[in-house]
Amino acid sequence: MPLIVQKYGGTSVGSVERIQAVAQRVCKTVKAGNSLVVVVSAMGKTTDGLVKLAYEISSNPNSREMDMLLSTGEQVTIALVSMALQELGQPAISLTGAQVGIVTEAAHTRARILHIETERIKRHLNQNKVIVVAGFQGITRTEELEITTLGRGGSDTSAVALAAALRADFCEIYTDVPGILTTDPRLVPEAQLIDEITSDEMLELASLGAKVLHPRAVEIARNYGVPLVVRSSWTDDPGTWVISPTPRPRSLVNLEIARPVDDIEFDTEQAKVSMLRVPDKPGVAARLFGEIATQDVDVDLIIQSIHEGNTNDIAFTVMTPILKRAEAVAAAIAPVLRSHKAAETEEAEVMVQQNVAKVSIAGAGMIGRPGVAAKMFTTLAEAGVNIQMISTSEVKVSCVIDNADCDRAVAALHTAFEIEQNKENFTLPPSLPHSLPPSLPPSSPVRGVALDMNQARLAIRQVPDRPGTAAKLFGLLAQHNISVDMIIQSQRCHVINGVPRRDIAFTVARMDAQAAQKMLQQAAAEYGWGEVVLESAIAKVSVVGAGMVGQPGIAATMFEALSQHQINIQMIATSEIKISCVVAQEEGVKALQAIHTAFGLAGSQSIQVPA
Ligand code: ADP
Ligand code: ASP
Ligand code: MG
């Protein structure tokens, strides 16, 4: 009999009537000949309410007590859903995370799942019961059996992890929107439904602010090949399938923490073009990349560091064969872009570096684990490799380095991350659930647009440009469990006391920003780095799509949309399948709307999200 895991979010179980509607759907699914495990969230905004209560008592509530408190929300729902099923004549039993045996690490409020005991669930399934499981919570296997939670939005992760552990046929996430949309319909009502999306794309979107799926749920679906669909609780429409490639076999032990990196990739056919001292005002990136797109030059990574005075630097990489064309465009446009104020003293300058290589670590296990990128930087530092550019995404961290260092870097990374060089040895055990083939003809190079208003920007001025600097800096942040995104080093180099120095900027979650600044100020004093600058009023807008690989002009369209609305771009960072821009916080929503329209993603019908 097929086994399905269904998950219902807060709005979907927000009232007695909605719980009864969920019970009806569950019964219908059982009658159609399926076994069912149902994972539920707390009713409506219950968890928010509990958080608020805690903060009325303490400005810094104890994280263990927080888990004790927040886990109660889901316990209410499981009992009510079970009762509603029993009222319909459907045998059902509710289980907390502890009763199931969802074993997590001891990290309160953000625990990762280590493994899930499946015996009890299987026993009840054999008795033809529907199992109703509390999402978002687990238990430690230390002596004390502590209750843990997985982090806000974590019920999605509970559901997909259960589907992986039970080798379910698929996992359905029922929510208050018709599926995964091109962007958040609360901000852009003309957002459209996406029928299918790859797990790589969804991982980026989820991590860049699309809260329709918890990023860790997507990570598990990708790693274990769990077929995943997001659907509306209010209709029978098919929703959105998240498609994963056939995974390499993995153990179900240390489910969320084993092997964050799957692969080491490298590309030695790269060249880097930097433009120094371009004016810091709206329209500059649009102009540059518009011209580049006209010449049909496909750029790979793009970074724009934070401004220095009233200018900043933009750098990008291209494949070596088209370097000449890219350089010609940059050289032609440089004088036009010159900053008026700086005209007498400074001029935009184009710098080209051939013989660079890009090395990357890839894998779906990097989310929320700052130690992974830090380990890459340390490994490179220990191999004596200097990092020229860094690009991060949810599934990849790439470093641009000198070509001559490439072999050494790749070998060191293979060893550090224990990656077998030969993948051919793996075959898929027949018991693993097979996912749908990754055969998405991308209808549009950009599939979705996301806005993240919960980030802050940190910059450290004048850190030494030598191997080990990134390792030290991001190692420190990792030790404090602070995840970073959009790491950008300025291209401009100042020699101070005989040491070449650059600025390095990155974004962190806003709630981590002050702690990070304080910690980095101490480090800066110790290591002789410059000022540590914090800017909290930022927004990050991103476009995501696997189809943008090898397609010139995507960046240009995005920058042009911002330029037309007079929105200044403070930072740019890209990976193969995403482009992110930092803009001023108050311009975030406008930027999202402008970009969504510019890529033709708006539909003719508005999506209404129920309260
Ligand atoms: P649930 O309680 O069902 O888990 P969430 O509130 O966590 O629901 O997630 C659903 C919400 O995610 C939607 O109501 C919508 O506002 C938001 N959202 C953000 N980005 C997207 C997107 N790209 N597609 C669909 N919904 C999105
Ligand atoms: N109830 C939890 C929250 O609101 C978990 C979830 O809904 O996914 O974050
Ligand atoms: Mg959710």
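The values are calculated or read from the model by the stated rules, or taken from the named source; none is laboratory data. In this text the structure is predicted, and so the values were computed from the model without any measurement. No Cβ is skipped: glycine too gets one built from the backbone with ideal geometry, and neighbour counts run over all protein chains shown.
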Of the conditions (1) within 9 Å of ligand 1 (Cβ to nearest atom); (2) without any contact (Cβ under 8 Å) to a residue 60 or more places away in the chain, the single one that residue 153 does not satisfy is (2)
Segment 294-306, residues that are within 24 Å of residue 397 (Cα to Cα) and either surrounded by fewer than 21 Cβ atoms within 10 Å (Cβ to Cβ) or within 27 Å of the chain's Cα centre (by Cα) (or both):
298, 299, 300, 301, 302, 303, 304, 305, 306
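Applying the selection to segment 299-314, what residues are of a type in the set (A, V, I, L, M) and either part of a loop (DSSP other than H, G, I, E, B) or touching a Cys at 6+ places or on another chain (Cβ under 7 Å) (or both)? Outline the logic, then answer.
Restricting attention to segment 299-314, the residues satisfying the condition of being of a type in the set (A, V, I, L, M) are 299, 301-303, 306, 314.
Across segment 299-314, the qualifying residue is only 306.
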Does residue 578 count as crowded, with 19+ Cβ neighbours inside 10 Å, closer than 22 Å to residue 303 by Cβ, modelled with pLDDT of 95 or more and charged (D, E, K, R)?
no
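Say we look at segment 170-193 and pick out the residues that are within 9 Å of ligand 1 (Cβ to nearest atom) and farther than 19 Å from residue 600 by Cβ; which of these is surrounded by the fewest Cβ atoms within 10 Å (Cβ to Cβ)?
Taking segment 170-193 and keeping what is within 9 Å of ligand 1 (Cβ to nearest atom), we get 173-187, 191, 193.
This time we only want the ones that are farther than 19 Å from residue 600 by Cβ, so: 173-179, 186.
Numbers: 173: 30, 174: 23, 175: 25, 176: 17, 177: 25, 178: 22, 179: 22, 186: 10.
If we take residues in segment 170-193 being within 9 Å of ligand 1 (Cβ to nearest atom) and farther than 19 Å from residue 600 by Cβ, then 186 is surrounded by the fewest Cβ atoms within 10 Å (Cβ to Cβ).
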Checking residue 60 against (1) at pLDDT 95 or above; (2) loosely packed, with under 14 Cβ neighbours inside 10 Å, which single condition isn't satisfied?
(1)
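Of all residues being out of contact with any Ser or Thr (no Cβ under 9 Å at 6 or more places or on another chain) and farther than 17 Å from residue 445 by Cα in segment 595-611, which is surrounded by the most Cβ atoms within 10 Å (Cβ to Cβ)? Just the residue, please.
Let us first name the residues in segment 595-611 that are out of contact with any Ser or Thr (no Cβ under 9 Å at 6 or more places or on another chain), namely 597, 604-608.
Cutting the leftovers down to farther than 17 Å from residue 445 by Cα gives us 604-608.
Values: 604: 6, 605: 11, 606: 11, 607: 17, 608: 9.
Checked segment 595-611; the qualifying residue surrounded by the most Cβ atoms within 10 Å (Cβ to Cβ) is 607.
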So which residues in segment 443-480 are in contact with a Cys (Cβ under 9 Å, 6 or more places away or on another chain) and not acidic (Asp, Glu)?
470
If you go through segment 17-25 one residue at a time, do you hit one that is among the small types (Gly, Ala, Ser), outside any loop (DSSP other than H, G, I, E, B) and touching a strand residue (DSSP E or B) at 6+ places or on another chain (Cβ under 6 Å)?
no
When segment 505-540 is checked residue by residue, the ones that are closer than 22 Å to residue 314 by Cα, touching a helix residue (DSSP H, G or I) at 6+ places or on another chain (Cβ under 7 Å) and crowded, with 20+ Cβ neighbours inside 10 Å are 508, 538, 539
Give me the pairs: first residue in segment 309-323 and surrounded by 16 or more Cβ atoms within 10 Å (Cβ to Cβ), second residue part of a strand (DSSP E or B) and hydroxyl-bearing (Ser, Thr, Tyr), beta-carbon distance under 7 Å, and six or more apart or on different chains, which are they?
313/274; 315/274
Does any residue of segment 9-20 turn out to be under 20 Å from residue 155 (Cα atoms), more than 16 Å from ligand 3 (Cβ to nearest atom) and either free of Cβ contacts under 8 Å to residues at least 24 places away in the same chain or surrounded by 23 or more Cβ atoms within 10 Å (Cβ to Cβ) (or both)?
no
Result of the Cβ filter at 7 Å on segment 216-244, keeping first residues that are farther than 15 Å from residue 365 by Cα and away from ligand 2 (no atom under 16 Å from the Cβ) and partners that are in a helix (DSSP H, G or I) and of a type in the set (A, V, I, L, M), at least 6 apart or interchain, is 226/160; 226/163; 226/164; 226/220; 242/202; 242/218; 242/221
Filter result (under 23 Å from residue 610 (Cα atoms) and more than 10 Å from ligand 1 (Cβ to nearest atom)) within segment 194-227
195
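Look through segment 110-150, keep the residues that are of a type in the set (Val, Ile, Thr) and in contact with an Asp or Glu (Cβ under 6 Å, 6 or more places away or on another chain), and return whichever of them is nearest to ligand 1 (Cβ to nearest atom). Reasoning before the result, please.
Of all residues in segment 110-150, those of a type in the set (Val, Ile, Thr) come to 113, 116, 118, 121, 130-133, 139-140, 142, 147-149.
Checking which are in contact with an Asp or Glu (Cβ under 6 Å, 6 or more places away or on another chain) leaves us with 113, 140, 147-149.
Working: 113: 18, 140: 25, 147: 21, 148: 19, 149: 14 Å.
Only one residue fits best here, namely 149.
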Tally, over segment 184-209, of residues that are away from ligand 3 (no atom under 16 Å from the Cβ) and either under 16 Å from the mean Cα position of the chain (by Cα) or without any contact (Cβ under 8 Å) to a residue 12 or more places away in the chain (or both)
6
Determine which single condition residue 51 fails, assuming it passes every other condition in (1) touching a helix residue (DSSP H, G or I) at 6+ places or on another chain (Cβ under 8 Å); (2) among the aliphatic types (A, V, I, L, M); (3) more than 11 Å from ligand 2 (Cβ to nearest atom).
(3)
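Kindly indicate whether any position in segment 33-44 is on the phi > 0 side of the Ramachandran plot and within 16 Å of ligand 1 (Cβ to nearest atom).
The initial filter retains those residues of segment 33-44 that are on the phi > 0 side of the Ramachandran plot, namely 33, 44.
Filter once more, so that each one left must be within 16 Å of ligand 1 (Cβ to nearest atom): 44.
Yes, that holds for at least one residue.
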Considering residues of segment 156-169 that are touching a Lys or Arg at 6+ places or on another chain (Cβ under 8 Å) and not β-branched (Val, Ile, Thr) only, the residue farthest from ligand 1 (Cβ to nearest atom)
166
The condition of being more than 21 Å from the chain's Cα centre (by Cα), touching a residue at least 12 places away in the same chain (Cβ under 8 Å) and closer than 22 Å to residue 399 by Cα holds, among 566, 551, 605, 570, only for 551
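Looking at 82, 71, which is the one that is more than 24 Å from the chain's Cα centre (by Cα), over 29 Å from residue 56 (Cβ atoms) and surrounded by 18 or more Cβ atoms within 10 Å (Cβ to Cβ)?
Details: 71 fails: over 29 Å from residue 56 (Cβ atoms).
Just one listed residue meets the conditions, 82.
Kindly check whether there is at least one residue in segment 386-405 that is aliphatic (A, V, I, L, M) and surrounded by fewer than 20 Cβ atoms within 10 Å (Cβ to Cβ).
Taking segment 386-405 as the starting set, the residues that turn out to be aliphatic (A, V, I, L, M) are 387, 389-390, 395, 397, 400-401, 404.
Imposing the further condition that a residue be surrounded by fewer than 20 Cβ atoms within 10 Å (Cβ to Cβ) reduces the set to 404.
Yes, segment 386-405 contains a residue that is aliphatic (A, V, I, L, M) and surrounded by fewer than 20 Cβ atoms within 10 Å (Cβ to Cβ).
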Going residue by residue through segment 245-252, is there one that turns out to be closer than 26 Å to residue 117 by Cβ, more than 16 Å from ligand 2 (Cβ to nearest atom), surrounded by fewer than 23 Cβ atoms within 10 Å (Cβ to Cβ) and among the charged types (D, E, K, R)?
yes
Restricting attention to segment 159-183, report how many residues are under 17 Å from residue 37 (Cβ atoms) and more than 11 Å from ligand 3 (Cβ to nearest atom).
13
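Filter segment 131-158 for residues that are away from ligand 3 (no atom under 14 Å from the Cβ) and surrounded by fewer than 24 Cβ atoms within 10 Å (Cβ to Cβ) and give the result. Talk me through it step by step, then tell me what you get.
From segment 131-158, those away from ligand 3 (no atom under 14 Å from the Cβ) are 131-134, 137-148; that's our starting set.
Once the filter is applied, which keeps residues that are away from ligand 3 (no atom under 14 Å from the Cβ) and surrounded by fewer than 24 Cβ atoms within 10 Å (Cβ to Cβ), segment 131-158 yields 139, 140, 141, 142, 143, 144, 145, 146, 147.
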